[in-house]
Amino acid sequence: MQTAESLDFSTLKDGDTGTINPALIDDFRFENQRGERSQKGFDELVSSVKKHGIITPLTLWRSQNGDNRLEVLGGHGRRDAAIENKLTSVPFVFRDVTPEQAFAMHVSENEDRENVGFVARSKAVMRYMTEFKGDVEAVASQLNMTVKKCRELIEINKCSDSVKKAITEGHITPSHAIILAPFPQAAQDKNLPTIIAEKWTVSTLRQRVGKAKLPLERAVFDKSECENCEFNSIHQRGLFESTDSNAQCAKPACFQAKTTAHMESKKAQLTEEYGHILLLSQTNADDRNTVSAEVVGDAQFETCTTCDNRIAVLSDAWGKAGEITPNQCVDKTCFTQCTSAMAKEVKAQQKVLSEKGEGNSEQKAKSAAKQSAKTAKKAQLPNVVAEHYKKLLRKAASEFYADDDNFIGALLTSALVSHAQLTFKNSTTGRFADVLPQVLGMSKEERQELVKAATVELLTKTTTDSDNGNITDTLINCMKTDSERALPFVTEFWMPTDDNLNVYTKQLLTSLSTAAGVKLTLDTHNKGDFTKLSKQSKPDFIKGIQATNVDWKNYAPKSFTALIGN
């Protein structure tokens, strides 16, 4: 019997299946993105596994803790239910993927499950909002939902943990939560017990909320328009200045609309300084990491400051609106790799310093961190910068190559190679984009040889060009254009071979023989010979035609030559 230490999963290939002790399955290294599970739902899963076992295989990939273990990509709940039931074997399918692919698969598997609740879907939207840096349209498209639904799920993220828990446990509906979302979380928690105890409907909650008041002192927007507003409670007490700390807004919808507009405006202003800006309500802390020199090393952090995956978060929370949290990394796989590399290098540097006997432990740690991460991972440029660079280089290229004979020659050669779909050297396809850079680096002699090879390929083997045009039709059209020279050649090219004659019926062979002079030749020698020949089997008829002494060089069927000319 194999022990855990003797197991070896290193030879598994992508798509392999098998069984494994659930105790040998590690948690997903980037944390389970599904979030908190419902205890009731997990208890039901445990009962189902006890009765039926694990039916759907877990999705696993390589573990960081040795070849005798695997790591879960999809199926945390099934693994835990199996362990709860003391199962020693569960089915799995193995995936050999990169960390980036693993994260995408893990998220996808969790979001595709039918029993993912509203709060879990809200968390998923937050995760994608972080990944797509606040592009709600892109997130909606990715999750196959409307932008309206996406925004509703974003609103849920503004709710307190108590409200979210109440949704999960079925005490209130998501519609209740969306109505509560604009209010301070303390106010949500204060009113939640009453809403649950009195079983307020959504309509009732909406009516009560319509009568609620929000303190204007907490407003982040310009309050000048509020001075003479009828919904400013200050006027109800006969006062004249709404700047008083006790002034309240009796129209929550207007208050929220002004707050949202102000935050979006602030967000746009800060974009110039920080690049991508996400509102706090649009992202979960678990979906990003604070990056600094202390965490990834000086060299890596310097690179991180230019990376498109480094964002800033603008708080739109009550009492903290406008606060900026900079240096947030939204690429969890890259962040994990950078911090792991940093930790290894720090450890190695500390060992070196210890062997030299230099400094105390705190000094060693600081020195090691300073020297660590000398080779930084490449940063991802902001899309706007990358696209600008491309536009600038395109303009430079147009001037650089305008009168370059070598480039023009490479261009013509590459066009031919591309249409011929010829592969050569390191080229695996005949794509123009792949071919041109390679051809540009060739000598004149190499290019001439390539032109010859591509010409032969196009004339003899290529069926369709790079535009999906039929090469046979193209060549026929070329001969039609050049018909004066091509017609005599084509006429002589057609000969009464087996291949050429077998395509005809006996009736057509009779017509062809008459036009070619076969009938005349045979009947001149002995009248009626052709009629006898035509009554034989088709193979014998063809042999008789081929044996007749006729000047075939000057004959070709008119229906054949008509394709290129009269």
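The values are calculated or read from the model by the stated rules, or taken from the named source; none is laboratory data. All of these numbers come straight from a predicted model, not from anything done at the bench. With ideal geometry, Cβ positions are generated from the backbone for all residues, glycine too; neighbour counts draw on all protein chains shown.
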### Task
Considering only region 433-452, state which residues are surrounded by fewer than 15 Cβ atoms within 10 Å (Cβ to Cβ) and among the hydrophobic types (A, V, I, L, M, F, W, C).
ALA433
### Task
Could you please let me know if ALA166 is at pLDDT 85 or above, in contact with a Lys or Arg (Cβ under 8 Å, 6 or more places away or on another chain) and in a helix (DSSP H, G or I)?
no
### Summary
Screening THR491, THR497, THR481 for residues that are in the same structural domain as ASN549 (by TED's automatic domain parsing) and touching a Ser or Thr at 6+ places or on another chain (Cβ under 7 Å) leaves only THR491
#### Entry: Cross-chain or 6+ apart pairs with Cβ under 8 Å, region 511-540 first and within 14 Å of ASP551 (Cα to Cα), then in a helix (DSSP H, G or I) and acidic (Asp, Glu)
LEU522/ASP529
### Summary
Restricting region 57-105 to residues that are among the β-branched types (Val, Ile, Thr), modelled with pLDDT of 90 or more and not in a helix (DSSP H, G or I), the one nearest to the chain's Cα centre (by Cα) turns out to be THR59
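Within region 181-201, how many residues are of a type in the set (A, V, I, L, M), modelled with pLDDT of 90 or more and either touching a helix residue (DSSP H, G or I) at 6+ places or on another chain (Cβ under 7 Å) or assigned by TED's automatic domain parsing to the domain that holds THR283 (or both)?
In the first step, residues of region 181-201 are kept if they are of a type in the set (A, V, I, L, M); the result is 181, 186-187, 192, 195-197.
Now restrict to residues that are modelled with pLDDT of 90 or more: 192, 195-197.
Within this subset, residues satisfying the condition of being either touching a helix residue (DSSP H, G or I) at 6+ places or on another chain (Cβ under 7 Å) or assigned by TED's automatic domain parsing to the domain that holds THR283 (or both) are 192, 195-196.
Total satisfying the criteria: 3.
Yes/no per residue for (1) at pLDDT 95 or above; (2) over 60 Å from the mean Cα position of the chain (by Cα); (3) loosely packed, with under 11 Cβ neighbours inside 10 Å:
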{"position": "ASP465", "(1), (2), (3)": "no, no, no"}
{"position": "ASN468", "(1), (2), (3)": "no, no, yes"}
{"position": "ILE476", "(1), (2), (3)": "no, no, no"}
{"position": "LEU487", "(1), (2), (3)": "no, no, no"}
{"position": "GLN507", "(1), (2), (3)": "no, yes, yes"}
{"position": "VAL550", "(1), (2), (3)": "no, yes, no"}
{"position": "ASN554", "(1), (2), (3)": "no, yes, no"}
{"position": "LYS558", "(1), (2), (3)": "no, no, yes"}
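Quick one: in region 261-280, of everything that is of a type outside the set (A, V, I, L, M, F, W, C) and surrounded by 17 or more Cβ atoms within 10 Å (Cβ to Cβ), which residue is farthest from the chain's Cα centre (by Cα)? So that I can check it myself, show each step before the final result.
Step one: filter region 261-280 for residues of a type outside the set (A, V, I, L, M, F, W, C), giving 262, 264-267, 269, 271-276.
Then keep just the ones that are surrounded by 17 or more Cβ atoms within 10 Å (Cβ to Cβ); that gives 262, 266-267, 274-276.
Details: HIS262: 33, LYS266: 30, LYS267: 26, TYR274: 25, GLY275: 22, HIS276: 20 Å.
It comes out as HIS262.
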### Task
Please go through region 135-162 and pick out each residue that is farther than 21 Å from HIS176 by Cα, in a loop (DSSP other than H, G, I, E, B) and at pLDDT 85 or above.
ASP135
